[in-house]
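This report refers to the structure that appears directly beneath it.
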Amino acid sequence: MGVWQLLMVAAVMLLGLFGVLTPGVPGSWLVWAAVLWWSLNEQTGLAWILLVSSTALMLLTQVVVWQLPPRRFRNVGLTRRTLGYAGGGALLGFVLLPVVGAVPGFVGGVYLSERLRIGGHGQARAATRALMRATGTSLLVELFACLLIVGAWVGAVIAG
């Protein structure tokens, strides 16, 4: 696979990661489609293993998200800025502390956004808790699965 195709796959994955944070966009399936595209072009054992494992993870994620309470975006005052901070925090946490850093990074990003918006620690903490109850858990599960897939893809590209 050429450099331009790898960059296109990475762009689709990045679009999928942002899509997870955007209501109505099938971000996790964009990440999966990028892995499918890469696997069909590579056709190596590692590519097929990554495709099968990412498919299983996506299906498991959908079952878990389906079991969680539905997202209620409007009732908690969720803004695009909050989603941006949460996604940035999850990405930064995932890079700084591989795999497990995404969860505290996501929550930290939500808290930082609320702290900047509201001002006080107690109020920001209460707003973060309310937001995580309303939308954050299912969003975090989906984003974490996508970050795992993207991280595995980057590792496979570097290794192969």
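The values are calculated or read from the model by the stated rules, or taken from the named source; none is laboratory data. If you're wondering where the values come from, they're calculated on a predicted model, not measured in any experiment. No Cβ is skipped: glycine too gets one built from the backbone with ideal geometry, and neighbour counts run over all protein chains shown. Calculation scope for accessible area: heavy atoms of the full protein, side chains included, ligands and nucleic acids excluded. Shrake-Rupley method; radii C 1.70, N 1.55, O 1.52, S 1.80 Å.
Annotations for the structure displayed:
- Residues of region 108-128 satisfying the condition of being surrounded by fewer than 17 Cβ atoms within 10 Å (Cβ to Cβ) and polar (S, T, N, Q): GLN123
- Set side by side, the residues GLY160, GLY136 differ, and just one is modelled with pLDDT under 90, open to solvent by less than 30 Å² (accessible area, probe 1.4 Å) and not acidic (Asp, Glu), which is GLY136.
- Taking the criterion of being among the β-branched types (Val, Ile, Thr) and either in contact (Cβ under 8 Å) with a residue 60 or more places away in the chain or surrounded by 17 or more Cβ atoms within 10 Å (Cβ to Cβ) (or both), the residues of region 13-44 that qualify are VAL20, THR22, VAL31, VAL35, THR44.
- Single condition VAL35 does not satisfy, out of (1) at pLDDT below 95; (2) aliphatic (A, V, I, L, M); (3) part of a helix (DSSP H, G or I); (4) touching a Ser or Thr at 6+ places or on another chain (Cβ under 8 Å): (1)
- Per-region count, region 47-58, residues open to solvent by 80 Å² or more (accessible area, probe 1.4 Å) and under 14 Å from VAL157 (Cβ atoms): 1
- LEU78 at pLDDT 85 or above and of a type outside the set (Ser, Thr, Tyr): no
- Across region 60-71, not a single residue is classified as farther than 14 Å from GLU142 by Cα and open to solvent by less than 60 Å² (accessible area, probe 1.4 Å).
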